[in-house]
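K.L.:
Got a structure for you, questions after.
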């Protein structure tokens, strides 16, 4: 019997099929007539009838969520666009445990108005966050450690906290730190985990800050104060109070109205304020204030920290006599009015 008339079981095996090779098939739509089937047609049939995926051109598209059945997806390239799958190496610095990591002890230096704290840079994992814990006390050997879930100082001092994406942080100094000891530790963290805590760094704070030299308190009020009106000029004068601290300035507040006894509170409409390095002020009364009969004023000492200490309110009557408005000003006004006014027959006026 020829080979092509053999039973199916006796046919030789095609061990390396190609898409142009043929399969033996039965056509169900044609009374199961035996027919030859190209492999590429069979492949198209399988791909087009799958409920899990489809192939368009050279791209495979999933039709539903993929179940990896407990297996890993491996050999992913690094993600670069939104929607890309991310390989573990790109996210491991943010999610890996850090219990193996102990940062180097931080060092602190006194920079006058602040303390600069630095620690060795951590590069593995890269992209974490540095947590600096510090306290101030009178002991040179205080240790900062972890107790349970809290960071504590062996001296019982209050622990403060500053954080930075870099291995450096500047901590502003408060008054009272001078002559005391500054202690600091550092931890490293990512999104999920904290490292071990470092050894404690120490610094004796020696440079004072402004608050150590000048106390935040009010300056003494000015003394021997007076308010005098001479023609249209107010003279407001005083002497510095006893033991006035350096950096003190002065403020005058002036109010015009028709009352002879108004006490200035600082919230009045039309209140005029003038500042000076000394408690001597002069103020020319504007012409528009001519309807006011009285001027009221008070002087404040202003400390370097902005604390104001006022005198009592002084009062002065304004006399609108011939000397209040000088001759030069009258002549100027006459010329300006002559330019704007004419007679009934259209002739311009002339200043006298």
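The values are calculated or read from the model by the stated rules, or taken from the named source; none is laboratory data. A quick note: this is a predicted structure, and the numbers were derived from the prediction, not measured. Cβ coordinates were reconstructed from backbone atoms using ideal geometry, including for glycine residues, and neighbour counts include every protein chain displayed.
K.L.:
Condition first: surrounded by fewer than 22 Cβ atoms within 10 Å (Cβ to Cβ) and either touching a helix residue (DSSP H, G or I) at 6+ places or on another chain (Cβ under 9 Å) or in a strand (DSSP E or B) (or both). Now tell me which residues in region 112-123 satisfy that.
P.N.:
113, 114, 116, 118
K.L.:
Right, next: For region 293-352, what are the residues that are under 23 Å from residue 261 (Cα atoms) and modelled with pLDDT under 75?
P.N.:
320, 321, 324
K.L.:
Scan region 180-218 for residues that are touching a strand residue (DSSP E or B) at 6+ places or on another chain (Cβ under 8 Å), modelled with pLDDT of 85 or more, over 30 Å from residue 98 (Cα atoms) and in a loop (DSSP other than H, G, I, E, B) and jot them down.
P.N.:
180, 205, 206, 207
K.L.:
Taking region 124-149, which residues are assigned to a strand (DSSP E or B) and more than 27 Å from the chain's Cα centre (by Cα)?
P.N.:
Step one: filter region 124-149 for residues assigned to a strand (DSSP E or B), giving 129-137, 144-147.
The answer is 137, 144, 145, 146, 147.
K.L.:
I'd like to know if region 176-185 contains one or more residues that are under 18 Å from residue 119 (Cβ atoms), surrounded by fewer than 18 Cβ atoms within 10 Å (Cβ to Cβ) and in the same structural domain as residue 124 (by TED's automatic domain parsing).
P.N.:
Taking every residue of region 176-185 in turn, none turns out to be under 18 Å from residue 119 (Cβ atoms), surrounded by fewer than 18 Cβ atoms within 10 Å (Cβ to Cβ) and in the same structural domain as residue 124 (by TED's automatic domain parsing).
K.L.:
Are there strands (runs of 3 or more DSSP E) fully within region 244-352 with at least 1 residues that are touching a residue at least 24 places away in the same chain (Cβ under 8 Å) and under 16 Å from residue 219 (Cβ atoms)? List them.
P.N.:
On the way: elements: 249-257, 272-276, 280-284, 294-302, 308-310, 314-317.
Filter on region 244-352 gives 249-257, 272-276, 294-302, 308-310.
K.L.:
Can you list the strands (runs of 3 or more DSSP E) found entirely within region 1-105 that contain at least 3 residues being loosely packed, with under 12 Cβ neighbours inside 10 Å and free of Cβ contacts under 8 Å to residues at least 12 places away in the same chain? Steps first, please.
P.N.:
Details: elements: 22-27, 33-38, 53-56, 59-62.
Output list reads 59-62.
K.L.:
Determine if region 225-232 includes at least one residue that is at pLDDT 95 or above, touching a strand residue (DSSP E or B) at 6+ places or on another chain (Cβ under 7 Å) and within 20 Å of residue 110 (Cβ to Cβ).
P.N.:
no
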